[in-house]
Each structure stands twice: as structure tokens, then as C-alpha cells.
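The values are calculated or read from the model by the stated rules, or taken from the named source; none is laboratory data. Keep in mind that this is a model prediction, so the values were computed, not measured. As a convention, Cβ positions derive from the backbone with ideal geometry for all residues, glycine included, and neighbour counts pool all protein chains shown.
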Amino acid sequence: MSERVEKLIEKMTLEEKARQLTQVNAVVIHAEIAAEVTGAQQGIEICREDAAGIGSVLNFDTASEAIAIQDEYLNASPHAIPLIFMQDVVHGYRTIFPIPLAIGCSFDPALAEECAKMSAVEAKYGGTHVTFSPMVDLVRDARWGRVMETTGEDVFLNCEMGRAFVRGYHEGGILCCVKHFAAYGAAEAGRDYNTTDVSVRNLKEYYLPAYRACVEEGADLVMSSFNLLNGIPVNGHRELLVDTLRDEWGFDGVLISDYGAVTEMIVHGYLESEKECAETAIRNGLDMEMMSPTYIRHLPELVKEGKVSQKLVDESLRRVLEMKEKAGLFENRYGAADPQKAEEVSLSPEHRAIARRAAVRSAVLLKNEGVLPLSEDREFALAGPFAEEKYILGNWACRGRAEEAVSIKEGLESALGRNLVSATGCGKGISETCVSDIPAGLAKLSGINTVIACIGEPSDNSGEGASRADISIPPAQAALVKALKEAGHSVVAVIFGGRPQVLTEIEPYCDAILYVWQPGTEGGNAVADLLLGKEEPTARLSMSFPRAVGQCPLYYNSFNTGRPRIPDTLKNSMYVSAYRDVCNAPLYPFGYGLGYTDWHIGGLRLSSDVLEAGGSIRVSARLKNTGSRAGSALVQLYIRDRFASVVRPVKELKGFCRVFLAAGTEEDVAFTLSEEMLRFYTASGEYGSEAGKFDVWIGLDSSTDLSAEFTLVK
Ligand code: GLC
């Protein structure tokens with residue numbers, strides 16, 4: 001603890017300390033609308049009086065606003081403790097790169113790091129000191145709108161990506177807050193804020209590792225989540241917030257609640273009063289209360305009554321003040337806030353180039369029946385409600401602006417140097433059924449061989465509070481695709497989405513499908529690069545695509561069950577784990593994606609079929625580019641522990657590497673398999689490996705059947 005922090009703690013009153021542990025939305029600072037801002041859904045209001053002497057502000061707009069608020073605040077502050085400004089810089093600040101779920105599909109942590117760094121540079125000049133990112137919630141249910149914010153369904157990939165985001169934010173000059181701790185992504189039925197009930201084993205095995213990886217990488221804050229977890233709201237979970245986060249992981253940074261989550265413990269039916277919420281939260285090491293007033297209104301009283309120790313309050317205060325020291329705010333109250341520099345760096349050619357490359361590297365080619373890449377002299381046109389759409393930034397697009405984004409039409413026309421015919425054909429709403437404009441659209445496209453159908457879900461149909469019970473392509477858009485095909489066009493579907501959508505109905509009518517997610521500011525240029533073959537699609541799915549929403553939650557690393565359905569054989573009796581109306585396999589599996597060349601992988605070899613503890617096995621295969629273009633493949637390594645003290649998944653990703661080969665060339669691709677990679681939480685609760693037989697695969701997606709077996713001896 002620095003002398004400065006020690007002295008501040010000594011001289012602050014209890015009331016001042018309670019306010020320092022509170023964060024409010026910038027709108028509360030502006031008196032004219034303070035009264036309308038409620039701390040949480042149950043209508044507890046935070047008004048301007050509450051805002052005096054608070055510790056932090058979130059969701060402000062510009063650097064100038066942050067500077068003005070800081071000056072006004074410090075002029076009234078008895079101890080000259082600066083505010084710290086926090087913001088949701090999730091996938092870009094002003095230059096928006098693809099949503100994190102898309103970045104996950106790049107399988108490129110270095111790219112994630114570069115994007116995070118870029119956004120941090122823009123954000124710090126914009127007045128942001130802390131970003132509420134990375135979000136590393138493991139997700140398995142595409143109905144949940146917030147799958148767009150995470151990097152997917154695999155714990156190994158999420159750990160790598162989370163670490164990369166943390167490094168990037170720090171390199172760019174801001175602090176970062178990993179969220180939402182914990183297991184918020186396990187919301188039942190994919191409905192946001194819904195109950196989560198996760199066994200301790202699954203918590204440890206799947207839901208906690210990515211938060212821990214970010215804490216180990218140096219995340220400065222952790223955000224506790226809204227959800228009920230195993231019967232207790234997370235902010236009431238001492239085992240999670242104290243025993244695991246503080247004691248086991250040694251996290252000594254700031255733990256901040258999500259927006260009003262402290263008082264939501266009342267709505268959950270866990271605590272009866274705001275005062276109990278304050279007592280429970282501070283006891284669980286919650287250092288900063290976001291947008292609810294229980295600390296301000298009840299902490300001083302709780303200390304005076306002896307229910308909460310002064311020491312506990314001072315520990316939280318220390319962490320908050322040390323965070324401000326880390327941000328350099330005592331030396332420079334504004335941090336790096338600089339309106340002019342913010343304008344200079346935002347949307348610079350260099351930053352646009354990064355956003356464009358990220359969009360290229362995260363779009364997944366799901367189908368291509370020889371129609372892509374398009375030759376520039378070929379005649380083609382555009383159709384669909386997203387052909388000219390400029391709000392392709394995705395949810396949580398911070399300060400991004402649609403008018404600064406490049407639409408598909410703009411990107412293609414810029415690349416081709418000619419105008420393209422475009423027919424919207426129908427509306428873009430997820431419930432759109434009106435097909436009355438389709439005939440006119442077809443007439444406009446008549447005689448043009450290839451049509452690029454730009455369809456999907458609007459940006460605001462994923463993200464917070466945006467769960468969907470039906471994740472199919474909207475009826476009117478499906479009708480448009482069918483009509484285009486039936487009119488004889490070659491159909492290239494370019495699909496926007498913040499989640500895996502059900503493409504089963506339209507797939508047969510598409511000659512090619514390029515899934516571009518919400519690609520961000522440079523989306524149109526990136527899609528043009530890909531469609532015209534200037535760039536090859538290299539992304540692979542980081543989240544499974546269901547055939548039907550009824551399969552959700554759906555993920556590759558599931559358990560075998562005692563009655564697995566044997567794929568594609570007649571041996572299945574009716575008494576197997578399967579549906580009568582849909583097969584179990586996803587439409588597109590985890591790790592899947594096409595490029596513009598063809599591959600053959602074979603000749604799986606092990607340096608030994610026995611792995612000794614402390615030793616390692618070299619696992620290799622022969623990869624050949626059998627196509628007519630140079631290209632890159634993402635070679636993936638999976639294992640299965642066949643028999644263990646607790647059942648293990650049918651496959652687990654343990655490594656991946658990208659290989660670039662010229663047409664007709666081949667090379668060996670090798671991984672090193674060690675005993676550490678086989679560890680899990682055994683029946684005894686220990687984290688370790690168990691001797692026995694294992695399968696190992698190398699392949700180009702999680703459905704690979706190129707396997708060998710080895711034995712771990714201990
Ligand atoms: C929201 C989100 C959280 C975000 C916070 C501040 O409700 O759950 O992800 O960081 O509020 O905007």
C-alpha cells in the first residue's frame with residue numbers, strides 16, 4: 001500500500017469511503033435526468049445527491065465530457081481523489097472490429113491482441129481508463145443473445161483468447177475487467193439473466209478456467225454477474241467470490257458488480273433489504289457497487305452497528321485507490337483523455353486496415369459449390385435487406401457509427417469500380433414475413449447469373465437482453481433465397497448474425513454461404529476481399545451451428561451417454577439418445593470452415609503409443625493442399641480419455657496450428673502431447689491425469705475421424 005493510499009484511508013470518513021466504493025452512470029451526474037435513472041429493475045433510484053463523492057463513472061460519451069465531469073468533481077472533492085472512468089469497449093471503441101464470437105473463429109490470439117490494443121489506444125484518448133472486457137463466459141446455447149460477446153464453446157480457445165485480449169488492452173494503455181464472473185453463459189434455455197445451475201465439477205472444468213486465465217494474465221478487475229448460481233445469486237456467493245477468486249486464485253484487484261446486481265439479490269428472493277445486500281456484498285469482497293446505492297445508504301450504519309468491520313471497508317477502499325494509482329490518475333486526473341488525439345487515431349487508415357483484416361479472418365465459409373471466388377468480370381448483383389446495410393457493427397459497438405462503416409454494396413462497388421444492381425426483396429426484422437416485394441426484386445435481377453443474397457439478423461438482435469427462442473433465418477428472407485434459386489440464379493448467401501443461426505431451411509438453395517457475423521466498420525471491404533478472392537476465408541467455427549433450435553444447448557465436447565446414437569447406421573434401435581425428427585449432429589461442427597482450396601490430411605503417426613508421466617508423445621500427420629490455389633488450413637488436435645473416474649467428453653481440443661501451403665504441396669504437421677494436457681478434475685476433486693487408454697485425433701474440424709490410440713502409464 002502506498003503512503004498516499006494509507007493517508008487517504010486514515011482521513012476519509014465512513015460516508016466518504018462508502019461513496020468511493022460506488023459507480024454511477026454518467027447520466028446520473030447530469031442533474032436534469034438523474035431522477036429517471038434507476039439502479040435496477042426494482043426501481044431503486046440513484047439521484048444526483050447520491051452521485052456526490054462517488055468513486056467511478058461508467059458509460060460516458062466523449063473525452064470532453066469525461067474531462068468536464070472530472071474537473072467539476074475534483075473541484076468539490078475534499079481529498080482530491082480522481083474519478084476513474086469505465087466503458088464497454090468490447091470489440092472496438094470507434095473503429096469497430098468483428099464481434100468477439102467472430103474473433104474466436106479466427107483461432108488467432110495474436111489478431112485478438114492486436115484488435116484489443118487498437119481499441120485501447122482509441123479508448124484511452126476518448127477518456128476511458130478501464131474497459132469492461134474481455135467477456136469470457138463459456139457458451140453452449142445459441143439462443144442466448146450474449147454469445148456474440150464471447151469467443152465460443154471451447155474452454156481451451158477461450159483461455160487463449162481471453163489472455164490475448166488482456167495483453168492487448170494493457171499494451172494499448174487501459175486497464176481491463178474480465179466478466180461475467182461466473183457462468184452467466186449457462187443461462188437455462190438461453191434466456192438472458194435466467195437461472196444457472198452448474199455442478200462444481202463443470203464449473204471448474206468448463207466455466208471458470210477462462211476467468212482464471214485472464215486473472216493470471218493480469219486482468220485488473222473482475223465483474224460479478226447477475227445470475228443465480230446453484231441457488232444463490234452470484235453476489236451472495238462467498239465460495240466463488242472469496243474462497244475461489246481471492247483465496248485460491250490470489251486475485252487482489254477490484255471486484256465490481258454488474259449493473260444493479262447487488263440490489264437484485266432482493267428480486268431473486270435471497271435477501272430482504274438493501275441493507276442486507278450491502279452487508280452481504282462487502283463481506284464477499286465486492287469492492288465497487290455499480291449503479292445501486294446500498295453502500296452509500298447503509299455501509300456507514302453497518303460499521304457503526306458493528307455488523308461490518310471498518311477493516312473490511314478499508315480493504316475494498318485500498319483496492320479501489322490502488323486501481324486509480326495503477327491508472328496514473330493521481331498524477332494526471334484525465335489519464336490520456338485528449339479529444340483531438342481521439343479524433344486523430346480513430347478510424348485512421350492503420351486502424352481501418354486492422355479492422356478489415358480482422359473481418360476477413362473471422363468470416364466463415366460454410367458452403368461453396370464451386371461458385372466462389374467470383375471473377376471480377378462476372379456479372380453479379382445484390383439482394384436482401386443487408387446488401388446496403390451500414391449498421392453492421394454488432395451489439396456493444398461503443399462509439400462506432402454506422403455512417404463510418406462500409407456496407408457490402410459499397411465494398412463491392414469500390415473493389416470493382418462499377419455500380420451493382422441491388423434489390424432488397426424484403427424487410428430485415430427477425431419476424432419479417434412480408435414477401436410482397438420479392439417479385440419486383442426478382443424482376444430487377446432478371447438475367448443476372450449470380451446474386452449475392454445479404455441476409456441474417458440485425459445487430460440489435462443479439463447482445464444483452466436479446467435472446468431468441470427461434471434462431472432460424474426469418475421467413476421472408478428464406479422465401480427470398482428460395483425465390484432467387486427457383487428463378488435460376490446462382491445464390492451466394494452472405495449472412496450476418498451475432499450467434500449461430502439455423503440455416504437448415506435455406507442451405508439447399510444456396511450455392512455458397514459466407515457467415516460474416518457482425519463484421520464491424522470495415523465489413524463491406526472485407527466481404528469484397530473474400531468474395532472476389534483477394535483474400536481466402538480462413539476462419540473456423542468456434543461455436544457449433546444447430547440444425548434446429550431444439551438441439552440447443554449443443555456443443556462438440558459432450559459426453560457419450562450410455563446409449564449413443566451411432567451416426568448414419570441402421571443399427572440404431574429406437575432406444576438411443578436421439579431425436580425422432582432431427583439427427584444429433586450439428587449442421588456445421590465446431591472447428592469447421594472452408595477455404596478456396598482442398599485439403600487431404602492422413603498418415604497420423606505417434607512417436608510412441610505409450611506416454612509416461614513427465615514424458616511426451618509427438619503426434620503428426622501429413623497435410624496436402626490438393627486444390628488449385630495456395631491456402632491455409634487450421635489443423636486441430638483432439639483427445640479423449642476413454643475411461644476415467646468421471647466420464648470424459650467424446651473429444652477435447654488440445655491444440656491448433658495454422659499451416660499455409662502452395663497448391664499441390666504437402667508437409668508434416670506435428671503436435672507434442674504431454675501428460676499435463678490430459679489433466680482434469682477427477683472424482684476425488686484433484687486436478688490430475690489418470691493412467692489408461694486415450695484416443696487422439698488430428699483433423700480440420702471436430703468431426704475428424706483420423707485417430708490413433710495411446711496409453712498413459714503412471
Ligand atoms: C451491463 C452488462 C455488462 C456491462 C455493464 C456496464 O448490464 O451486463 O456486461 O459491462 O452493464 O455497461
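Quick rundown of the values:
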quantity	calculated
Which numbered condition N202 misses (of (1) in contact with a helix residue (DSSP H, G or I) (Cβ under 7 Å, 6 or more places away or on another chain); (2) over 24 Å from D220 (Cβ atoms); (3) away from the ligand (no atom under 14 Å from the Cβ))	(1)
All strands (runs of 3 or more DSSP E) inside segment 494-612 with 1 or more residues being modelled with pLDDT of 95 or more and among the aromatic types (F, W, Y)	512-517, 599-606
Residues (part of a helix (DSSP H, G or I), closer than 30 Å to S542 by Cβ and more than 16 Å from the ligand (Cβ to nearest atom)) located in segment 47-104	A102, I103, G104
Segment 381-404 residues that are over 27 Å from K124 (Cβ atoms) and touching a residue at least 40 places away in the same chain (Cβ under 8 Å), paired with ones that are part of a loop (DSSP other than H, G, I, E, B) and β-branched (V, I, T) (beta carbon under 6 Å, 6 or more apart)	A381/V421; A381/I448; P385/T424
Selection from segment 259-278 of residues that are within 14 Å of the ligand (Cβ to nearest atom) and at positive phi	G260
Where a residue in segment 655-676 is of a type outside the set (D, E, K, R) and its partner, wherever it lies, is surrounded by fewer than 16 Cβ atoms within 10 Å (Cβ to Cβ) and in a loop (DSSP other than H, G, I, E, B), with Cβ under 8 Å and at least six apart	A663/S628; A663/R629; G664/T626; S674/G615
Residues of segment 430-446 that turn out to be modelled with pLDDT under 95 and among the acidic types (D, E), as a count	1
Residue within segment 266-277 that is in contact (Cβ under 8 Å) with a residue 40 or more places away in the chain, in a helix (DSSP H, G or I) and more than 30 Å from the chain's Cα centre (by Cα) present	yes
Any hit, segment 381-388, residues being farther than 16 Å from E410 by Cα and either part of a loop (DSSP other than H, G, I, E, B) or among the small types (G, A, S) (or both)	no
Of all residues in segment 160-211 being in a helix (DSSP H, G or I) and of a type in the set (V, I, T), the one that is nearest to R499 (Cα to Cα)	V166
Given (1) more than 16 Å from the ligand (Cβ to nearest atom); (2) at positive phi, number of the condition H298 does not satisfy	(2)
Options D192, D220, D154: the member that is in contact with a Ser or Thr (Cβ under 9 Å, 6 or more places away or on another chain), within 16 Å of the ligand (Cβ to nearest atom) and among the acidic types (D, E)	D192
Residue within segment 219-231 that is in a helix (DSSP H, G or I) and at pLDDT 95 or above present	no
Output for segment 393-409, where each listed residue is closer than 27 Å to P500 by Cβ, out of contact with any strand residue (DSSP E or B) (no Cβ under 6 Å at 6 or more places or on another chain) and away from the ligand (no atom under 16 Å from the Cβ)	A402, A405, V406, S407
Which listed residue is polar (S, T, N, Q) and outside any loop (DSSP other than H, G, I, E, B), from S414, S375	S414
Filter pass, S577 being of a type outside the set (A, V, I, L, M, F, W, C) and out of contact with any Asp or Glu (no Cβ under 7 Å at 6 or more places or on another chain)	yes
Matching residues, segment 121-151, being part of a helix (DSSP H, G or I) and away from the ligand (no atom under 16 Å from the Cβ)	V121, E122, K124, Y125
Qualifying positions in segment 172-183 - within 11 Å of the ligand (Cβ to nearest atom), within 19 Å of S467 (Cβ to Cβ) and touching a Leu at 6+ places or on another chain (Cβ under 9 Å)	K179
Residues within segment 240-258 that are of a type in the set (A, V, I, L, M, F, W, C) and either within 16 Å of the ligand (Cβ to nearest atom) or in a loop (DSSP other than H, G, I, E, B) (or both), tallied	5
